[in-house]
């Protein structure tokens, strides 16, 4: 670089200034970036793995994903600083925000900051054809696998069954393991919560004759009345093999979060990468069809990271004062 500056002083000086600016922008950045996702076979893990690759390619930062129990664990790992980033559904995130989280109960998680909206997580349910289960009522007294213990599924499916007045036997395991348990007859139904298509269901439906269970209008409305953070959701027909019709259910929104100590410049670049490259995000996971900036309004309680605020406001989106 010194030799170049002697030969081409003016050009090299400009190059030196650009290099200095980049170095200043990365001041305080960690050497590695850890993203809390979920179990293998779930949407979080696939989405996070692809996004970590994008971060490495575009930001020159070594990013990796951690297999976790899902949102309930991710929000605490970000709060404590063990992870730089995490993916959360807004229900468990709010519970942790107000000190009702599963991993650290009675501790308000006030250091978490929103980066960008991801997609909706619908509740999903599958059984093997021939199981005799054609509806949720048929699951009374059955063995139900709900995914990882601290995931969205494990938080909300038991609430669904309790709200419906049903007595079921609940077990927890990773998404792929739960699918395997259904295949082996160890459980009667595999209920889960993840962006669509969910890898564990996709593989299950390819390898087995599977039936996806739809909520009736009455069942859905009753659950929505009990869980106002949720919204009605339709899983389109043919999302999975053996699913010729729409499946009616409910969903929660997901957001990427970081700790408040993340450098503003890093939060800005991560948000920019996700919000300005939807075509590449879709290559990571089809659920990214909803990874769009206009969905920032789906966060109503968690402050946005200042770096994220800067990107959204530069691009014409308004962040409420109470969320800055």
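For region 115-128, the criterion of a residue being at pLDDT 95 or above, crowded, with 16+ Cβ neighbours inside 10 Å and farther than 30 Å from residue 278 by Cβ is satisfied by at least one position. The residues in region 283-318 that are surrounded by fewer than 14 Cβ atoms within 10 Å (Cβ to Cβ) and more than 22 Å from residue 231 (Cα to Cα) can be counted, and the count is 6. Out of curiosity, is residue 249 farther than 14 Å from residue 195 by Cβ, modelled with pLDDT of 95 or more and buried (at least 19 other Cβ atoms within 10 Å of the Cβ)? Judged against the criteria, residue 249 is not a match. As a summary of the residue check, residue 78 satisfies the conditions (1) at pLDDT 95 or above; (2) touching a helix residue (DSSP H, G or I) at 6+ places or on another chain (Cβ under 9 Å); (3) crowded, with 24+ Cβ neighbours inside 10 Å except for the one numbered (2).
So that you can scan it fast, the table gives a plain yes or no per residue for (1) in the same structural domain as residue 42 (by TED's automatic domain parsing); (2) within 13 Å of residue 116 (Cα to Cα); (3) under 17 Å from the mean Cα position of the chain (by Cα):
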position	(1), (2), (3)
247	no, no, no
286	yes, no, yes
289	yes, no, yes
309	yes, yes, no
318	yes, no, no
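I'd like the residue in region 145-171 that is modelled with pLDDT under 95 and part of a loop (DSSP other than H, G, I, E, B) and, out of all such residues, is surrounded by the fewest Cβ atoms within 10 Å (Cβ to Cβ). Only one residue fits best here, namely 149. Inside region 54-69, residues that are touching a helix residue (DSSP H, G or I) at 6+ places or on another chain (Cβ under 8 Å) and part of a helix (DSSP H, G or I) make up a count of 4. Screening the candidates 72, 38, 101 for the property of being touching a residue at least 12 places away in the same chain (Cβ under 8 Å), closer than 21 Å to residue 287 by Cβ, part of a loop (DSSP other than H, G, I, E, B) and in the same structural domain as residue 288 (by TED's automatic domain parsing) yields one hit, 38.
The values are calculated or read from the model by the stated rules, or taken from the named source; none is laboratory data. As the structure is a prediction and not an experimental result, all values here were calculated from the model. Reconstructed Cβ throughout: ideal geometry from the backbone, glycine too, with neighbour counts over all protein chains shown.
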